[in-house]
Amino acid sequence: MDVSLREVHDSDLPVFFRQMNDPEATRMAAFTPEDPSDHDSFEAHWAKMRTSADIAVRTVLADGDVVGNAGVYGAPGEREVTYWIDRAYWGRGLATAALRGLLELERDRPLYARAAADNAASIRVLEKCGFQFSTKDRGYAPARGEEIDEVVLVLHAG
């Protein structure tokens, strides 16, 4: 599949909302909004994501179809990557390709990433893109309704 990134269009938002409301995907992601089904909150979040100077977000396309999003946010020296790929496309290398594309756009280093410690697939994507384990942490995961272990990875210059 041909994976590419582009600016987020208004027509992408209903796709993102549907993806965020997939129970299996939200459980795996763990660190999601308290109530992914709150459409007003979703709209406000994406309005901020699309207009903030500290956030760079892109739509992920596979063969021209919207399959997710990827972004970078935070202050210089503390910037963090995030990505979401529709569960129907898991296991096909799309997250890795999307993250590599994002890393070409975002040249600041270091970059950080967080993942639920049991999300082996996401950790593998990050490692394939050069991120290395930094530390363990614990945080409240709304999608699981409890505090869970997470890992923090870092991508240094080089």
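Scan region 64-110 for residues that are under 21 Å from VAL8 (Cα atoms), in contact (Cβ under 8 Å) with a residue 60 or more places away in the chain and of a type in the set (Lys, Arg) and the total you get is 1.
Look at (1) among the small types (Gly, Ala, Ser); (2) at pLDDT below 95; (3) within 13 Å of the chain's Cα centre (by Cα) and you find that ALA75 fails only one, number (3). Filtering region 116-132 to residues that are in a strand (DSSP E or B) and in contact with an Asp or Glu (Cβ under 8 Å, 6 or more places away or on another chain) leaves only ALA116. Among the conditions (1) without any contact (Cβ under 8 Å) to a residue 60 or more places away in the chain; (2) open to solvent by 20 Å² or more (accessible area, probe 1.4 Å); (3) outside any helix (DSSP H, G or I), the only one that ALA113 does not satisfy is (2).
Among all positions in region 3-13, there is no residue which is among the hydrophobic types (A, V, I, L, M, F, W, C), part of a strand (DSSP E or B), open to solvent by less than 60 Å² (accessible area, probe 1.4 Å) and in contact with an Asp or Glu (Cβ under 7 Å, 6 or more places away or on another chain). Filtering region 19-55 to residues that are more than 14 Å from PRO142 (Cβ to Cβ), outside any loop (DSSP other than H, G, I, E, B), over 15 Å from the mean Cα position of the chain (by Cα) and not hydrophobic (A, V, I, L, M, F, W, C) leaves GLU24, HIS39, ASP40, GLU43, LYS48, THR51. Selection of region 84-110 for residues being crowded, with 20+ Cβ neighbours inside 10 Å and aliphatic (A, V, I, L, M) yields ILE85, LEU94, ALA95, ALA97, ALA98, LEU99, LEU102.
Name the single residue, out of those in region 118-127 being open to solvent by 50 Å² or more (accessible area, probe 1.4 Å) and of a type in the set (A, V, I, L, M), that is nearest to ALA62 (Cα to Cα).
Start the filter on region 118-127 by keeping residues that are open to solvent by 50 Å² or more (accessible area, probe 1.4 Å), which leaves 118, 120-121, 124, 127.
Subset that is of a type in the set (A, V, I, L, M): 120-121.
Working: ALA120: 23, ALA121: 19 Å.
Among those that are open to solvent by 50 Å² or more (accessible area, probe 1.4 Å) and of a type in the set (A, V, I, L, M), it is ALA121.
The values are calculated or read from the model by the stated rules, or taken from the named source; none is laboratory data. Keep in mind the model is a prediction, meaning the values are calculated, not measured. All Cβ positions, even for glycine, are placed from backbone atoms using ideal geometry, and neighbour counts span all protein chains on display. In case anyone asks, the SASA skips ligands and DNA or RNA and just uses the protein heavy atoms, side chains included. Shrake-Rupley method; radii C 1.70, N 1.55, O 1.52, S 1.80 Å.
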